[in-house]
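Everything on this sheet refers to the single structure shown next.
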Amino acid sequence: MPPDRPGRQQTLVHLSCIDDDSQGTELDVLWEREIDARVLPESGWTDLGRKGFDPPHLFSAFVHALRWNLVTSTNPRLFQSPYRAGIEVMAYQLEPLRKALMLPRVNLFIADDVGLGKTIEAGLIIRELLMRQKVIFAKLWAVSSEPTAPTTGIDVWMFPEWFVAQYEIQGPGKVRSRPLIHREALVSNKWLGPDKKKYPVVPIRFVQACLNGHISDIDWYGFVHDFKEDCKRQLYVDERGTTSDLSDITIRCECGKSKLLIVATQNPKAALGFCKGWRPWLGNNSREQCGGGNSGAQINRLLIRSAI
Ligand SMILES: [Zn+2]
Ligand SMILES: [Zn+2]
């Protein structure tokens, strides 16, 4: 640079930043004009290089991992947890994760169909939140199915408690007929057929709910017998046609009594009765007075469980 005073040269120094925050940022300074300009002694560099450098591929992996971490902890549309879980990734199982990450505060009730992998979905969410350091630890709670059962271990409250056995016989009028079984009649979660073979069961799709948000199993014995008899013989779900239309489904008792399911929607008061305040998602002993005792209990309404 030309001297500002005769006989006094200035040095233009071209600098490039090596600090993590602004790596590569360039700066030109006039060395003699800088306050406290210092050249770091060479010993600093020897310290730094003493252990040698990482092989380029290892370093590149480190940089990628760093970048990936930074992006995914701020972008709710990029996931890490599915790739860190020993699962086969199903697209629909990522949906709860996507929804959870969109929430300012994760508060999610997962209730899709049986066997779709709610546990996996919940696991993915917990793992993702842990990695994003949005939670420090996670605690799993499972409600006890028995009032006296100890609360340790994984024990789940079963709902609904009624199941349809995958065992088809021909009912009256050549309908397809399958046994309707209560949980307590299951043997190792299967139905014991007349041939002493065990058949798989699926939870019944029909439950009842009231306008106050209570939900419970339909009293199928009461439904079939108009709540008038104490008959406890084998129940069946009879289906005409293949539409699974409510008017094609009959609940039948071995004693001969039967009722079309559509009656539950036509006359819910008589067919399903009044709500008893069950809240199965809270576990056992979670009943409350429907309507709080003021407005009185609501009438039960037919609710059909379906997948999202
Ligand atoms: Zn009966
Ligand atoms: Zn209720």
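Some observations on this one:
- Of the residues making up segment 267-279, those that are under 19 Å from Y221 (Cβ atoms) and out of contact with any Ser or Thr (no Cβ under 6 Å at 6 or more places or on another chain) are N267, P268, K269, A270, A271, L272, G273, F274, C275, K276.
- Only one entry of L246, L282 meets the criterion of being away from ligand 2 (no atom under 11 Å from the Cβ) and closer than 24 Å to G173 by Cα, and that entry is L246.
- Elements of type strands (runs of 3 or more DSSP E) contained in segment 169-286, each with 2 or more residues being over 19 Å from R305 (Cβ atoms): 176-182, 235-239, 249-253, 258-260
- Screening E239 with (1) more than 20 Å from Q170 (Cβ to Cβ); (2) of a type outside the set (V, I, T); (3) at pLDDT below 95 gives one miss only, at (1).
Table: residues versus (1) more than 23 Å from P179 (Cα to Cα); (2) touching a residue at least 40 places away in the same chain (Cβ under 8 Å); (3) acidic (D, E); (4) more than 16 Å from ligand 2 (Cβ to nearest atom).
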residue	(1), (2), (3), (4)
K196	no, no, no, yes
A209	yes, yes, no, no
F227	no, yes, no, yes
Q266	yes, no, no, yes
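- Looking at K259, K228, just one residue is of a type in the set (D, E, K, R), modelled with pLDDT of 90 or more and within 24 Å of A297 (Cα to Cα), and that residue is K228.
The values are calculated or read from the model by the stated rules, or taken from the named source; none is laboratory data. Treat the numbers as computed from the prediction; the structure is a model and nothing was measured. All Cβ positions, even for glycine, are placed from backbone atoms using ideal geometry, and neighbour counts span all protein chains on display.
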